[in-house]
Amino acid sequence: MKFITETSGIFTRYDINVEVGRKEPRKISEDELLQKVADCLISGDEEEMETTIRQALRDREPMEVINKGLLRGMREVSRLWDEGVYFLPQVILSSDAMIAGIALCEKKMGKTMEKKGRVITHTAEGDIHDIGQVIVNALLSAAGFEVINLGADVPVDVLVEACKVHKPLMVTGTALMTTTMTAFPKIAMRLKRLGLEIPFVCGGGAVNEEYVTSFDLGIWGKEASQAVGMAEDALNGLGWMEMRAKWNG
Amino acid sequence: MKLTNSMAYESAEEMIFGTAKKPVRTKRGVEIGAGLVLPEIITHPRPDSERTIKSLLREFERANGDALERCVLVGHPAIIVENEHVFQMTHNSEWGMEIAAQTGRQIEEYHEKYGLEAAYRSTVADIRKPDMMDMRNSDRTLEVLESFDACAKFADIVSIESMGGKEIFDYCIIRNDISGLLFAQAVLGGRDMEWLWTRIVDITHKNGCLPGGDTDCARANTAMFMAGGFLSKNISHSLAALCRAISVSRTLVAFECGAVGPGKNCAYENPAIKAITGVPISTEGKTSACAHMGLCGNVMAAVCDLWSNEAVEYHNMFGGSTSAVFTEILGYDVAAMNTAIALGYEKEFQSCLVNSDRYRDQQSFILCPDIAWAIGKAVVENNQSLYSRARAAAIKCGELMMGEPRLRFTSFEKESLFDYMKELASLPEDEGDFIDMCLKKYEKVKGFRPASYGL
C-alpha cells in the first residue's frame with residue numbers, strides 16, 4: 001500500500017500547534033521540608049510523601065504541614081492543570097498523595113481535620129459506569145470536602161434517604177446512558193418535596209444541559225473537574241438557581 | 001483454553017473489507033464476510049421509554065422498523081439490525097426476548113414482502129459490576145446468562161460487552177498505570193471472558209444462533225473516550241493506543257472459546273482480531289459521531305465486513321428518524337465499498353480509507369491493517385499466557401509508534417510513551433509472577449475480588 005507524505009489537506013494537528021511548553025512548578029515555601037512535602041504532592045509521589053511528612057511532623061504542627069505544605073502544593077497542582085500542563089492522572093496521583101499526607105497529619109493530631117463541607121456522590125440506578133464519579137470523588141476529597149460515596153447503581157430511595165440523614169451541601173449524579181439519567185428528575189422532585197433544596201449536579205456520558213436544567217435543583221456538570229468549583233460555590237452559600245446561572249448560563 | 005498460535009492471514013495485504021477467511025451465515029440466511037460489506041444499524045431507545053415493556057417494545061418497533069423501511073426506500077439490499085440492551089432488557093430477560101422476537105418478526109415480514117436480506121443481533125448488557133458482586137456467582141450473573149438464553153431463540157447473532165477487570169481498569173487509567181491496565185484487561189478481563197464465553201457459546205449452539213463476539217468497550221473505549229480529541233487533557237493518546245493493543249489479547253478469548261463472528265462493532269481492536277482469526281468483523285468509525293468523537297473515522301472501514309454506527313438515540317430529524325437516517329448513511333457507505341469491489345478498485349479504496357487517518361493520531365495509526373496485523377502477530381507469537389501476549393502486543397504497538405517518523409507526537413505524548421515502554425520492559429516475563437505482583441499492589445482497590453476471576 002502506498003502511504004502519503006503530505007497530510008496538510010487531510011487533517012491538522014491542532015494539539016501540536018497549541019502545545020503548552022513544559023512549565024516547572026513554582027516554589028511554594030522557604031522551609032526546605034515543607035517545600036519537599038509540596039514537591040511530593042506535585043509529583044504525586046505517595047510513598048515519598050509519607051516519609052517526608054513523618055520527617056516534617058517531627059518539629060512542626062500538623063496544621064502547619066497541612067496549610068503550608070499540602071494545601072499550597074495542591075493549589076500549584078490546580079494551577080498546572082488549569083494551564084494545560086498537567087493531565088488528569090497527574091492530578092489524581094497528587095490527590096492520592098494529598099489524602100495520604102492528611103491522614104498522617106490527622107493521626108498526629110489525634111482527630112480528623114475539619115472538612116469544608118459534605119457532598120454526596122452517586123451513579124444512577126441501572127448504571128454501572130462510574131468512572132466520572134470516581135474522578136469527582138478524588139478531586140473533592142483532595143480539595144478538603146467530605147465525600148459520602150454511595151457508589152454505582154444507586155436506587156432513588158437510597159439517595160434521598162442519604163440526603164435526609166447527611167444534609168449535604170451538594171449532591172452529584174453520574175449517568176452514562178440516557179435511559180438511566182431519568183432517575184435524576186425523580187430524585188430532584190423527591191428532595192424538593194422534602195424541602196431539601198440541595199444543588200444537584202448531574203453529568204456524564206449522554207447527560208446534557210437541556211435535560212438537567214429542565215428540572216428544579218439540577219445543574220449540569222460538563223466536566224468532572226468542575227465539581228470542586230461547584231462545591232466551593234455551594235459552600236459559599238450559592239443556591240441551585242445561582243449555581244445554574246453561573247455554570248450553565 | 002488453547003491460546004491461538006497462528007495468523008489466519010499471512011499478511012495485511014490479503015485483508016480487505018467484505019471478505020473474511022471464515023465467513024458466517026445467520027439463521028435467517030444472511031452471509032457475512034462472504035464478499036460484500038453489509039450495514040449494521042444500532043438504535044437506542046429514548047429516555048423514559050424503558051419505563052414499561054410496552055413502551056420499550058413500541059420504541060424498538062419504530063426504531064428497527066424505520067431502519068428496515070429505509071433500506072427498501074433507498075434500495076439497500078441487506079442489513080443487520082442490532083440492539084444493545086438497556087439495563088431493563090437484561091435484568092428482565094423476557095423484555096430482551098420480546099424485543100428480539102418482535103424484531104425477528106419485522107425482519108421476516110420485510111423479507112417476505114420485499115426480499116430484503118436482514119438479520120438481528122442482540123447484545124446483552126453485562127450488568128455485573130465487578131466491584132459490587134461476585135462475577136461468577138451473583139443474581140446478576142444468572143440474569144445475564146438467562147438473557148442470552150432467551151434472546152438466542154430469536155436473534156441471529158448474540159454479543160456482549162463484558163465487564164471483567166473494569167474495577168482495576170478504572171482505578172489505573174486515571175493513575176497512568178500501564179501495569180495495572182495490563183492486569184485489568186488481559187489477566188482479569190481475559191479470565192472473565194473465558195468463564196463467560198464458554199457458557200455463551202453453549203447457549204448459542206442450543207439455539208442455532210451465532211456467537212458473535214465481545215469488545216473491550218468497557219476498558220479500551222473508556223481510554224479512547226478519555227483521550228478524546230486534540231485538545232483533551234484527560235489521558236495521553238499513546239496510553240489509549242496501548243490499551244487498544246492490550247485489548248487484542250482479551251477480545252480474542254471469545255473466539256478461542258468458540259465465537260465465530262461477526263465481531264462486535266465497537267471493538268476497535270477488531271482489525272487485529274480478523275488478522276488472527278479470520279472471522280468477519282463489524283466496525284464503526286465516522287458513523288459513530290452520534291455517540292462519541294473519534295480519530296479513526298475512515299480507517300476503521302478498511303477491513304470491515306459489517307459497517308456500523310455507535311448506538312444512535314431514536315429521534316426525529318428533517319430526513320426522518322435517526323435510525324432511518326443512519327441506515328441510509330451506512331448503506332451508502334457500504335454501497336461505495338461494494339462498488340469498489342465490483343470494479344476491482346477495492347485496494348485503492350482501502351488505501352484512501354487508511355491514508356486519511358494513518359498519521360492523524362496514534363490510535364488511528366495502530367488500527368491500520370498492516371499495524372494491526374503486526375500487533376496480532378506479536379500476540380500469537382507470545383502465547384504462553386493471556387498476559388505475555390498482551391504485554392508483547394503493547395510493546396510491539398509502542399515500537400511501531402515510536403518508529404514511524406510521520407506520526408507526530410507532542411512532547412507530553414513522547415515522554416509518556418517512553419515511560420510506558422520503560423515500564424512494560426521492566427515487568428516480569430512470567431504471568432504467575434506478574435499476577436502475584438498485581439494482587440499485592442491492588443489488594444486495597446475497593447471491591448476487587450480476585451475470586452471473581454478464579455485467582
From the list A:119, A:160, A:228, which one is away from chain B (no Cβ under 13 Å), out of contact with any strand residue (DSSP E or B) (no Cβ under 9 Å at 6 or more places or on another chain) and open to solvent by less than 10 Å² (accessible area, probe 1.4 Å)?
A:160
If we take segment A:148-247, then helices (runs of 4 or more DSSP H) inside it with 2 or more residues that are of a type in the set (A, V, I, L, M, F, W, C) are A:156-166, A:183-193, A:227-235
Given B:396, B:377, B:347, which one is touching a helix residue (DSSP H, G or I) at 6+ places or on another chain (Cβ under 6 Å), open to solvent by 50 Å² or more (accessible area, probe 1.4 Å) and either part of a loop (DSSP other than H, G, I, E, B) or in contact (Cβ under 8 Å) with a residue 40 or more places away in the chain (or both)?
B:396
Within segment A:34-54, how many residues are farther than 14 Å from residue A:103 by Cα and open to solvent by 40 Å² or more (accessible area, probe 1.4 Å)?
5
Members of segment A:147-157 that are in contact with a strand residue (DSSP E or B) (Cβ under 7 Å, 6 or more places away or on another chain) and hydrophobic (A, V, I, L, M, F, W, C):
A:147, A:148, A:150, A:152, A:154
Residues within segment A:6-21 that are part of a loop (DSSP other than H, G, I, E, B) and either surrounded by 11 or more Cβ atoms within 10 Å (Cβ to Cβ) or within 7 Å of chain B (Cβ to nearest Cβ) (or both), tallied
8
Being open to solvent by less than 40 Å² (accessible area, probe 1.4 Å), polar (S, T, N, Q) and within 12 Å of chain A (Cβ to nearest Cβ) narrows B:26, B:43, B:90 down to just B:90
Checked B:390, B:425 against criteria (closer than 21 Å to residue B:248 by Cβ, away from chain A (no Cβ under 14 Å) and surrounded by fewer than 21 Cβ atoms within 10 Å (Cβ to Cβ)); the one match is B:425
Selected residue (criterion: nearest to residue B:114 (Cα to Cα)) from residues of segment B:58-86 that are open to solvent by 10 Å² or more (accessible area, probe 1.4 Å) and under 22 Å from the mean Cα position of the chain (by Cα)
B:78
If you go through segment A:207-220 one residue at a time, do you hit one that is touching a helix residue (DSSP H, G or I) at 6+ places or on another chain (Cβ under 7 Å), over 28 Å from residue B:86 (Cβ atoms) and open to solvent by less than 40 Å² (accessible area, probe 1.4 Å)?
no
Could you identify the single residue in B:328, B:310 that is over 19 Å from residue B:156 (Cβ atoms), open to solvent by 10 Å² or more (accessible area, probe 1.4 Å) and at pLDDT below 95?
B:310
Would you say residue B:443 is over 17 Å from residue B:237 (Cβ atoms), surrounded by fewer than 22 Cβ atoms within 10 Å (Cβ to Cβ), touching a Leu at 6+ places or on another chain (Cβ under 8 Å) and at pLDDT 95 or above?
no
Residue B:131 vs (1) at pLDDT below 95; (2) within 20 Å of the chain's Cα centre (by Cα); (3) closer than 30 Å to residue B:419 by Cα: all pass except (2)
Quick one: which of B:189, B:165, B:258 is buried (at least 24 other Cβ atoms within 10 Å of the Cβ), at pLDDT 95 or above and more than 14 Å from chain A (Cβ to nearest Cβ)?
B:189
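The values are calculated or read from the model by the stated rules, or taken from the named source; none is laboratory data. Remember, it's a predicted structure, so these values are computed and weren't measured experimentally. So basically every Cβ, Gly included, is an ideal-geometry build from the backbone, and we count neighbours across all protein chains shown. Calculation scope for accessible area: heavy atoms of the full protein, side chains included, ligands and nucleic acids excluded. Shrake-Rupley method; radii C 1.70, N 1.55, O 1.52, S 1.80 Å.
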